[in-house]
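Working notes for the structure below.
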Amino acid sequence: MSLDGTYDPNNIFAKILRGEAPCARVFEDDHVLSFMDVFPQVKGHTLVIPKHSSARNLLEEEPQVLSPLILGVQRVARAVRAALEPDGLVITQFNGTAAGQTVFHPHFHILPRWDGVAVGRHASGGMADPAELKALAEQIAAQIT
Ligand code: 5GP
(Lines give C-alpha, C1' and ligand atoms only; values in the text may rest on other atoms or scores of the structure.)
Protein backbone atom coordinates (compact mmCIF):
# COMPACT_ATOMS: atom_id res chain seq x y z
CA MET A 1 0.00 0.00 0.00
CA SER A 2 1.16 3.44 -0.79
CA LEU A 3 1.17 6.34 1.61
CA ASP A 4 -2.21 7.41 0.25
CA GLY A 5 -5.51 5.59 0.47
CA THR A 6 -8.48 5.01 2.71
CA TYR A 7 -8.46 3.59 6.23
CA ASP A 8 -9.51 -0.07 6.39
CA PRO A 9 -11.68 -0.54 9.51
CA ASN A 10 -10.97 -4.27 9.34
CA ASN A 11 -7.21 -3.96 9.84
CA ILE A 12 -5.97 -6.20 12.68
CA PHE A 13 -5.38 -3.35 15.13
CA ALA A 14 -8.92 -2.02 14.59
CA LYS A 15 -10.18 -5.55 15.32
CA ILE A 16 -8.09 -5.69 18.50
CA LEU A 17 -9.52 -2.31 19.56
CA ARG A 18 -13.08 -3.59 19.00
CA GLY A 19 -12.31 -6.77 20.95
CA GLU A 20 -12.72 -8.91 17.84
CA ALA A 21 -9.13 -10.19 17.99
CA PRO A 22 -7.07 -11.04 21.08
CA CYS A 23 -4.00 -9.26 22.39
CA ALA A 24 -1.65 -9.49 25.37
CA ARG A 25 -2.63 -6.11 26.82
CA VAL A 26 -0.03 -4.04 28.67
CA PHE A 27 -1.83 -0.75 29.24
CA GLU A 28 -4.74 1.34 28.16
CA ASP A 29 -6.28 4.70 28.94
CA ASP A 30 -8.87 6.82 27.14
CA HIS A 31 -6.46 7.51 24.29
CA VAL A 32 -4.08 4.59 23.73
CA LEU A 33 -3.85 0.82 23.90
CA SER A 34 -0.55 -1.00 24.36
CA PHE A 35 0.00 -4.72 23.80
CA MET A 36 2.75 -7.19 22.97
CA ASP A 37 3.73 -7.68 19.32
CA VAL A 38 2.71 -11.23 18.44
CA PHE A 39 5.69 -11.59 16.03
CA PRO A 40 8.32 -10.08 18.33
CA GLN A 41 11.68 -9.00 16.94
CA VAL A 42 13.08 -9.27 20.45
CA LYS A 43 11.78 -10.22 23.91
CA GLY A 44 9.54 -7.43 25.16
CA HIS A 45 8.62 -6.00 21.71
CA THR A 46 5.66 -3.81 22.63
CA LEU A 47 3.24 -1.77 20.52
CA VAL A 48 1.34 1.42 21.36
CA ILE A 49 -1.62 2.46 19.21
CA PRO A 50 -4.20 5.27 19.35
CA LYS A 51 -7.72 4.14 20.26
CA HIS A 52 -9.52 6.78 18.22
CA SER A 53 -7.94 7.05 14.80
CA SER A 54 -8.91 6.75 11.19
CA ALA A 55 -5.43 7.57 9.95
CA ARG A 56 -3.33 4.94 8.20
CA ASN A 57 0.03 6.31 9.30
CA LEU A 58 1.72 9.01 11.34
CA LEU A 59 1.63 11.56 8.53
CA GLU A 60 -2.17 11.48 8.43
CA GLU A 61 -2.71 11.58 12.17
CA GLU A 62 -4.59 14.38 13.94
CA PRO A 63 -2.60 16.52 16.43
CA GLN A 64 -5.10 15.77 19.22
CA VAL A 65 -4.43 12.05 18.72
CA LEU A 66 -0.66 12.40 18.39
CA SER A 67 -0.14 14.22 21.66
CA PRO A 68 -1.57 11.56 24.01
CA LEU A 69 -0.13 8.85 21.76
CA ILE A 70 3.47 9.95 22.23
CA LEU A 71 2.88 10.43 25.96
CA GLY A 72 1.57 6.85 26.05
CA VAL A 73 4.66 5.66 24.19
CA GLN A 74 6.92 7.30 26.76
CA ARG A 75 4.91 5.87 29.64
CA VAL A 76 5.01 2.32 28.27
CA ALA A 77 8.69 2.62 27.29
CA ARG A 78 9.54 3.58 30.87
CA ALA A 79 7.62 0.53 32.09
CA VAL A 80 9.44 -1.72 29.59
CA ARG A 81 12.73 -0.36 30.90
CA ALA A 82 11.76 -0.91 34.53
CA ALA A 83 10.42 -4.41 33.88
CA LEU A 84 13.09 -5.84 31.58
CA GLU A 85 16.14 -3.71 32.37
CA PRO A 86 17.45 -3.41 28.81
CA ASP A 87 20.66 -1.55 27.97
CA GLY A 88 18.72 0.61 25.49
CA LEU A 89 15.38 0.93 23.71
CA VAL A 90 14.53 1.48 20.06
CA ILE A 91 11.26 3.35 19.50
CA THR A 92 10.18 3.36 15.89
CA GLN A 93 7.33 3.41 13.40
CA PHE A 94 6.96 2.86 9.65
CA ASN A 95 4.91 4.72 7.04
CA GLY A 96 3.91 2.98 3.79
CA THR A 97 4.76 -0.47 2.45
CA ALA A 98 8.04 0.75 1.01
CA ALA A 99 9.11 1.75 4.51
CA GLY A 100 8.13 -1.62 6.00
CA GLN A 101 4.63 -0.83 7.30
CA THR A 102 2.37 -3.89 7.37
CA VAL A 103 -0.57 -2.77 9.54
CA PHE A 104 -2.24 0.44 8.41
CA HIS A 105 -3.32 1.90 11.75
CA PRO A 106 -0.81 4.26 13.41
CA HIS A 107 1.47 2.58 15.95
CA PHE A 108 4.83 2.82 17.65
CA HIS A 109 7.15 -0.11 18.27
CA ILE A 110 9.11 -0.29 21.54
CA LEU A 111 12.07 -2.65 21.24
CA PRO A 112 14.23 -3.26 24.30
CA ARG A 113 17.87 -3.83 23.36
CA TRP A 114 20.56 -5.66 25.28
CA ASP A 115 24.25 -5.41 24.47
CA GLY A 116 25.21 -8.37 22.31
CA VAL A 117 21.62 -9.54 21.71
CA ALA A 118 20.55 -9.41 18.06
CA VAL A 119 17.11 -8.23 16.97
CA GLY A 120 15.07 -10.18 14.43
CA ARG A 121 14.06 -8.66 11.11
CA HIS A 122 10.92 -6.54 11.06
CA ALA A 123 7.67 -8.41 10.28
CA SER A 124 9.42 -11.67 9.43
CA GLY A 125 9.68 -13.61 12.68
CA GLY A 126 7.60 -16.45 14.09
CA MET A 127 4.57 -16.11 16.31
CA ALA A 128 5.32 -15.96 20.04
CA ASP A 129 3.86 -18.30 22.64
CA PRO A 130 0.69 -16.54 23.92
CA ALA A 131 1.44 -17.59 27.51
CA GLU A 132 4.91 -16.01 27.32
CA LEU A 133 3.45 -12.81 25.85
CA LYS A 134 0.83 -12.67 28.61
CA ALA A 135 3.53 -13.06 31.27
CA LEU A 136 5.65 -10.31 29.69
CA ALA A 137 2.61 -8.03 29.38
CA GLU A 138 1.86 -8.50 33.08
CA GLN A 139 5.50 -7.86 33.98
CA ILE A 140 5.51 -4.59 32.03
CA ALA A 141 2.02 -3.57 33.20
CA ALA A 142 3.16 -3.89 36.81
CA GLN A 143 5.72 -1.11 36.15
CA ILE A 144 3.32 1.43 34.62
CA THR A 145 3.34 4.61 36.68
P1 5GP B 1 4.29 -2.45 11.00
O2 5GP B 1 4.89 -3.50 10.10
O3 5GP B 1 2.99 -1.98 10.41
O4 5GP B 1 5.21 -1.36 11.38
O5 5GP B 1 3.97 -3.17 12.39
C6 5GP B 1 2.92 -4.06 12.57
C7 5GP B 1 3.32 -4.96 13.69
O8 5GP B 1 2.17 -5.66 14.10
C9 5GP B 1 4.36 -6.01 13.28
O10 5GP B 1 5.50 -5.89 14.12
C11 5GP B 1 3.64 -7.34 13.49
O12 5GP B 1 4.47 -8.31 14.04
C13 5GP B 1 2.51 -6.97 14.44
N14 5GP B 1 1.31 -7.75 14.28
C15 5GP B 1 0.75 -8.20 13.13
N16 5GP B 1 -0.40 -8.86 13.39
C17 5GP B 1 -0.54 -8.84 14.73
C18 5GP B 1 -1.55 -9.37 15.62
O19 5GP B 1 -2.52 -10.00 15.22
N20 5GP B 1 -1.37 -9.15 16.95
C21 5GP B 1 -0.31 -8.46 17.45
N22 5GP B 1 -0.23 -8.30 18.75
N23 5GP B 1 0.66 -7.94 16.64
C24 5GP B 1 0.53 -8.13 15.30
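The values are calculated or read from the model by the stated rules, or taken from the named source; none is laboratory data. Everything numeric in this text was worked out from a predicted model, so none of it was measured. Cβ atoms come from the backbone with ideal geometry, glycine included; neighbour counts cover every protein chain shown. Accessible surface areas use protein heavy atoms only, side chains included; no ligands, DNA or RNA. Shrake-Rupley method; radii C 1.70, N 1.55, O 1.52, S 1.80 Å.
Residues of segment 102-116 with an amide N closer than 19 Å to a point placed 7 Å from the Cα of SER54 along the Cα-to-Cβ direction: 104-107.
For segment 12-141, relative contact order (Cα pairs under 8 Å, six or more residues apart, normalised by length) works out to 33 percent. Its convex hull of Cα atoms gives the chain a direction-averaged projected area, equal to a quarter of the hull surface, of 8.3 nm². Other residues lying with their Cβ under 14 Å from the Cβ of ILE144 contribute a combined charge of +1, Lys and Arg counting +1, Asp and Glu -1. Dipole check for the chain: with +1 at the C-beta of Lys and Arg, -1 at the C-beta of Asp and Glu, and the Cα centre as origin, the magnitude is about 160 Debye. Taking the charge dipole of segment 1-85 about its Cα centre, with +1 at Lys and Arg Cβ atoms and -1 at Asp and Glu Cβ atoms, the residue from ASN57, CYS23, ASN11 reaching farthest to the positive side is CYS23. Using the Cβ-Cβ distance between ASP29 and ALA123 with R0 set to 30 Å, the FRET efficiency from 1/(1 + (r/R0)^6) comes to roughly 0.65. Largest accessible area first, the listed residues ASP37, ASP115 line up as ASP115, ASP37 when surface is computed with a 1.4 Å probe on the assembled protein chains. Shown is the FRET efficiency for GLN64 and ALA99, computed with R0 = 35 Å from the Cβ-Cβ distance and rounded to the nearest 0.05: 0.90. For a straight C-alpha distance cut-off of 16 angstrom, the aspartates and glutamates reachable from LYS15 (same-chain residues fewer than eight places away being disregarded) are GLU28, ASP37.
For a paramagnetic label modelled on ILE144 (point 7 Å from Cα along Cα→Cβ), amide N atoms under 16 Å away belong, within segment 96-111, to 108, 110. Applying both filters, DSSP loop and at most 14 other Cβ atoms within 10 Å, to the GluC sites (Glu not before Pro) of segment 14-107 gives GLU20.
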